[in-house]
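Notes follow once the structure below has been shown.
The values are calculated or read from the model by the stated rules, or taken from the named source; none is laboratory data. As the structure is a computational prediction, the values presented were derived from the model and not from experiment. Virtual Cβ from ideal backbone geometry, glycine too; neighbours counted across all protein chains shown.
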There are 2 protein chains.
Amino acid sequence: MSKGLTVNSYFDDQVKSIALENQEGVSTVGVMMVGDYEFGTSKREYITVVSGELTVKLPDEDDWRTFSKGESFMVEANQTFSLQVKQATAYLCRYE
Amino acid sequence: MSKGLTVNSYFDDQVKSIALENQEGVSTVGVMMVGDYEFGTSKREYITVVSGELTVKLPDEDDWRTFSKGESFMVEANQTFSLQVKQATAYLCRYE
């Protein structure tokens, strides 16, 4: 039996994610509770909303944009971006 | 601050999920590692593949069917169904 799945927790357990690696690459799926967050990237990230919605201020953008279920956005490596989460939201984050 | 997110673990940590409730209803997002599993339902479940693929033998069906990224299947309450997971797979499970 392989070792079990890894869960990461951020922002006092308001954000949790589970890591996976498959034919699509290396990803995490997670949930964010309602709140405002600032994240930093170490790799390029492709984030897709799985359930709920994310309101995002991307690096070098002045405006907030809302991404709904099924929609994606990309953040380059070594960037900081801000998120407003208005309902609990599940996401997939794929790393490149 | 609200209480943190709940993570559930099954099959010796080969399957883990995070619970959420939002405008879409009550769901979990999770990951299944490679393996064969049998699950039971207590409510009707709508399962969507988020990354990877799930090969499923639904209750009262004789054949296995494979669901890829973005595809969904439904299992009624109080049923048992079998899954073959051939690559690590992320899923969304919505309960009714």
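Summed over segment A:6-26, the residues that are part of a loop (DSSP other than H, G, I, E, B), under 27 Å from B:GLY25 (Cβ atoms) and either more than 7 Å from every other protein chain (Cβ to nearest Cβ) or basic (Lys, Arg) (or both) give a count of 1. Of the residues B:TYR91, B:TYR37, the single one that is farther than 20 Å from A:VAL7 by Cα, in a strand (DSSP E or B), modelled with pLDDT of 95 or more and under 13 Å from the mean Cα position of the chain (by Cα) is B:TYR37. Residue selection: B:ASP62 fails the criterion of being within 8 Å of chain A (Cβ to nearest Cβ) and exposed (fewer than 13 other Cβ atoms within 10 Å of the Cβ). Taking first residues from segment A:60-74 that are part of a loop (DSSP other than H, G, I, E, B) and partners that are among the polar types (S, T, N, Q), the Cβ contacts under 8 Å between residues at least 6 apart in sequence or on separate chains come to A:TRP64/A:THR55; A:TRP64/A:GLN84; A:LYS69/A:SER51; A:GLY70/A:THR48; A:GLU71/A:THR48. Taken over segment A:79-96, residues that are more than 11 Å from A:GLY30 (Cα to Cα) and among the hydroxyl-bearing types (Ser, Thr, Tyr) amount to 3.
Within segment A:27-52, the set of residues being surrounded by fewer than 20 Cβ atoms within 10 Å (Cβ to Cβ) and at the interface with chain B (Cβ under 10 Å from one of its Cβ atoms) comprises A:VAL34, A:GLY35. Whether a residue is in a strand (DSSP E or B) and in contact (Cβ under 8 Å) with a residue 40 or more places away in the chain was assessed, and B:THR55 does not pass this test. Condition check for B:LYS3 on (1) assigned to a loop (DSSP other than H, G, I, E, B); (2) more than 23 Å from A:LEU54 (Cβ to Cβ): one failure, at (2).
Scanning for something at pLDDT below 95 and closer than 27 Å to A:TYR37 by Cα, does segment B:4-26 turn up at least one residue? For segment B:4-26, residues at pLDDT below 95 and closer than 27 Å to A:TYR37 by Cα: present.
The residues in segment A:75-96 that are loosely packed, with under 15 Cβ neighbours inside 10 Å and under 21 Å from B:TYR91 (Cα atoms) can be counted, and the count is 1.
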